[in-house]
Amino acid sequence: MNPDFIKYQAQTSPYPLGMEVSHAIGSYIYDTSNKKYLDFVAGVSACTLGHQHPRVNQAIKDQLDKYSHVMVYGEYSQSPAVQYCKLMASLLPESLNKTYLVNSGTEAIEGALKLAKRVTGRSQLISCHNAYHGNTMGSMSVMGFEERKQAFRPLLPDVDFITFNNEADLEKITTRTAAILLETIQGGAGFIQPENNFLQKVRKRCDEVGAMFIVDEIQPGFGRTGKLFGFQNYDVIPDIVVMGKGMGGGMPVGAFTASAEKMDLLTENPKLGHITTFGGHPVIASACLATLQELTETNLMQQTLEKEKLFRSLLVHPLIKEVRGKGLMLAAMTETAEITNQVILNCQDKGLILFWLLFEGCAIRITPPLTISEEEIKEGCAIILSVMDEILKKEQTKN
């Protein structure tokens, strides 16, 4: 397939990994030669329950037998979407009770930014250096990495940036600010967690000046940090929660949630304040509902923290400087991007899937399905350590 893959399918980089996929199940992906690969990436945090989870698959099949797309979003009552939004409201703080279903995380960011401007009547948006919130024009405008943006300017005006965990920068949030948008754990920057009650201080500053606080839970959300959403680890309630990735159990989806009072502003002055054809698609919503039910009816989220401890106990090596992150959103940090590249590529050769982070070249992404077993964790970490031993031995031989 690879020649046709390169010839006919638009690429994101000059050097795709190019695995020819045959099938996937549980924590494993199989190529067309039937070689199996243990998946420590989960489609970049998207396959929350692994591959072909029975509950998700059955929900999709059941819905396909009833109806698929019937009407643009927001006109007809469709059971999967209604059930999902109702369950979500029951699991979130009282002020976060109305959800808008869209097609991807980046579209959810776009909707959240529009809502913040509509609520406040203000134009300024604030994000963080090295932040990543998606790649459409509005989401790219609040991405804090100029190298990836410069070829596409002009972008949205009136966007400013602060440094994550820098309290002094919070003074930049003023009565001009419509919203500040933060990842609860910075993903592309290197899985950086908030420190010294930083999110609470952001909340306080927003309250002082009437700005909205948007949290991007596209990566940390859906149990990956031990709670349903990352912000729940830090005793703070945002005005808008943005979600995606792991929400659909491997299906493409996004959403943003706020209070009914705020969300209802998108329905008038002007009407159709945000619209989407396929948002709330009944087959996708069925997968989302099954995923959310499985997470909340089992102890998978609690197990995530125990699995983190196991990873940390095993990933001890001279080439690993530290392990960042929380739960099953982890990054093993090496000294150089060259070492990280060698580890990721050599591990794939040995049947283990790892991946990179967007902006931090020294990070090895470890974001497996939440369903991964302790034995599979041990199996994968043993491969990582053996590859690192080989790299270290070569380095020592050179010297």
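For segment 167-189 and segment 1-55, what is the separation of their C-alpha centers, rounded to whole Å? When both Cα centres are located, 35 Å separates them. By DSSP, the beta bridges lying fully in the chain are antiparallel in about 60 percent of cases. Principal-axis analysis of the Cα atoms of the chain puts helix 105-120 at an angle of about 30° to the longest axis.
Under the classification rounded if a/c is under 1.5, otherwise prolate if a/b is larger than b/c and oblate if not, where does segment 168-278 fall, given a ≥ b ≥ c as square roots of the Cα gyration tensor eigenvalues? It comes out oblate by the Cα gyration axes.
Values (i) 68, 55, 44; (ii) 76, 52, 36; (iii) 62, 50, 38 are given for comparison; Cα extents along the principal axes in Å, derived from the coordinates here, is the one labelled (i). Annotation: amide H-H contacts under 5 Å for Ala24 (H modelled 1.01 Å from N, sequence separation of 5 or more, or interchain): Tyr30. The C-alpha atoms of the chain define a longest principal axis, and helix 282-297 lies at about 70 degrees to it. Using a probe of 1.4 angstrom and keeping all protein chains present, the accessible surface of segment 240-399 works out to 42 square angstrom per residue. For helix 374-398, report the angle its Cα long axis makes with the longest principal axis of the Cα atoms of the chain; keep it between 0 and 90° and round to the nearest 10°. Helix 374-398 and the main axis of the chain meet at about 60 degrees.
Using the Cα gyration tensor of segment 199-356, with a ≥ b ≥ c the square roots of its eigenvalues, what is the shape: rounded (a/c below 1.5), prolate (a/b larger than b/c) or oblate (neither)? It comes out prolate by the Cα gyration axes.
Any idea of the accessible area per residue across segment 95-147, 1.4 Å probe, to the nearest Å²? Before the final figure, lay out the partial values.
Details: 1780 Å² over 53 residues.
With the other protein chains kept in place, segment 95-147 gives 34 Å² per residue.
Pop out the carbon and sulfur fraction of the accessible area of the chain as a percent, whole number, probe 1.4 Å. Intermediate results must be reported in sequence, preceding the final value.
Working: 9340 of 17880 Å².
Roughly 52 percent, rounded to a whole number.
The values are calculated or read from the model by the stated rules, or taken from the named source; none is laboratory data. Keep in mind it's a predicted model, so treat the numbers as computed, not measured. Please note that ligands, DNA and RNA were not included when accessible areas were found on the heavy atoms of the full protein model with its side chains. Shrake-Rupley method; radii C 1.70, N 1.55, O 1.52, S 1.80 Å.
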